[in-house]
Amino acid sequence: MKKEGQSCKTGAGSNPVLSEQDQKIKEKLSKIDHKIMVMSGKGGVGKSTIAVNLALGLSLENFYVGLLDVDLHGPNVPKMLGIERGELRRRPDGTVGPVYYSPNLEFMSIEPLLPDRDSAVIWRGPLKTSAIRQFIYDIEWGKLDYLVIDAPPGTGDEPMTVAQTIEGAYAIVVTTPQEVSLLDVRKSITFCKQVNMPILGLVENMSGMVCPHCGKTIDVFKRGGGQKLAEELGLPFLGRIPVDPRIVTAGDAGKPVLASYPTSQTAEAFERLVRKVIDMTQMLNSQEKD
Ligand SMILES: Nc1ncnc2c1ncn2[C@@H]1O[C@H](COP(=O)(O)OP(=O)(O)OP(=O)(O)O)[C@@H](O)[C@H]1O
Ligand SMILES: [Mg+2]
Ligand SMILES: [Zn+2]
């Protein structure tokens, strides 16, 4: 078992190759104004959906945005953006170039490093850590205002590596009304403390349902638990996204809901989230500069 608060950071300090890599990664990432890691204590709560639509929304506000997918077990972000596997190949010189979804939204996935789409990849902890670090190191980062990172579920090796490799990142914690349990979100908070990652706020996904007939939001399950929880924990509440079947079809069709149904209530909910994120990150940046 790994001791709390200890991981590759401590290891990197004592290994000259790793610390050189650390230094180079740091230099590369220092040019990016805002880094945001979307995470959750549990799988399947909509991290990738939030990350994709957040990145797209920021790019629609004319920011230069990078979306980074580091899920070793089954990257599904390329599919959500309609990006073909072949487009994500490693270059002959070993670098990984981003794929452009639009002129100001670039996307990078660890997928080209994986053997093939259908093979079950079994990684051991240290292998995961070095694969993710190497991947981040190999990327040719362009000019970016925002880097959105779609983290794998939980609080294990992968989010740990990302958090420790990408310095200065903020976390967005995703939860759902059914799973609004203090325990789950607390786990994420503990994790963020361990890796010194400040939390930008909490998002409640699958909150209420958009009626497929009239487009109004119906409260099938209770909603609003996320906001209450955020208040209890002293975290900013960033917004709620309803359950909307179009999120699934849009994701499967490779055109996120924000692009395919821009006037829907769901798209509006994402837009509010995007605005909130912009306001908060700009406020934090100006505080840092003071
Ligand atoms: N608000 C929503 N309404 C309807 N479906 C949704 C919503 N959010 C996510 N989904 C669907 O739920 C499934 C899981 O979402 P997603 O892949 O974004 O979760 P995840 O947290 O990234 O999962 P993992 O932990 O496996 O990475 C997907 O099929 C997605 O389309
Ligand atoms: Mg995911
Ligand atoms: Zn209705």
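Computed from the coordinates by the stated procedures, all read-outs in this text should not be read as laboratory data. These numbers were taken from a predicted model, which means no experiment stands behind them. As a convention, Cβ positions derive from the backbone with ideal geometry for all residues, glycine included, and neighbour counts pool all protein chains shown.
Quick notes on this structure:
- Given 16 as the ceiling on other Cβ atoms within 10 Å, longest exposed-site-free region of the chain for GluC sites (Glu not before Pro) in DSSP loops: 168-290
- Against the main long axis of the alpha-carbon atoms of the chain, helix 125-138 sits at an angle near 90°.
- To the nearest ten degrees, helix 265-289 and the longest principal axis of the Cα atoms of the chain are 50 degrees apart.
- Label positions at Lys193 and Asn285, each projected 7 Å from the Cα along the C-beta direction, are separated by 3.0 nm.
- Sites excluded, trypsin sites (Lys or Arg not before Pro) in DSSP loops with at most 15 other C-beta within 10 Å, longest stretch of the chain: 144-215
- With helices as the sole contributors, the chain gives -12500 deg cm²/dmol at 222 nm; each DSSP H run of n ≥ 4 counts as -39500 (n - 2.57), and the sum is divided by every residue.
- When all alpha carbon pairs of segment 139-248 are counted in 5 Å bins from zero, the resulting P(r) reads 2, 11, 20, 19, 17, 14, 9, 6, 2, 0 %.
- Between the helical axis of 16-29 and the longest alpha-carbon principal axis of the chain there is an angle of about 40 degrees.
- Within segment 8-289, percent of DSSP bridges classed antiparallel, to nearest 5: 15 percent
- Kirkwood Rh, Cα atoms: Rg over Rh of the chain: 0.95
- Mean Cβ count within 10 Å, highest first, over the residues of peptides 248-260, 153-165: 153-165, 248-260
- Total formal charge among the other residues, if their Cβ is under 10 angstrom from that of Leu67, Lys/Arg +1 and Asp/Glu -1: -3
- Amide H contacts under 5 Å for Ile139, placed H, 5+ residues apart: Val96
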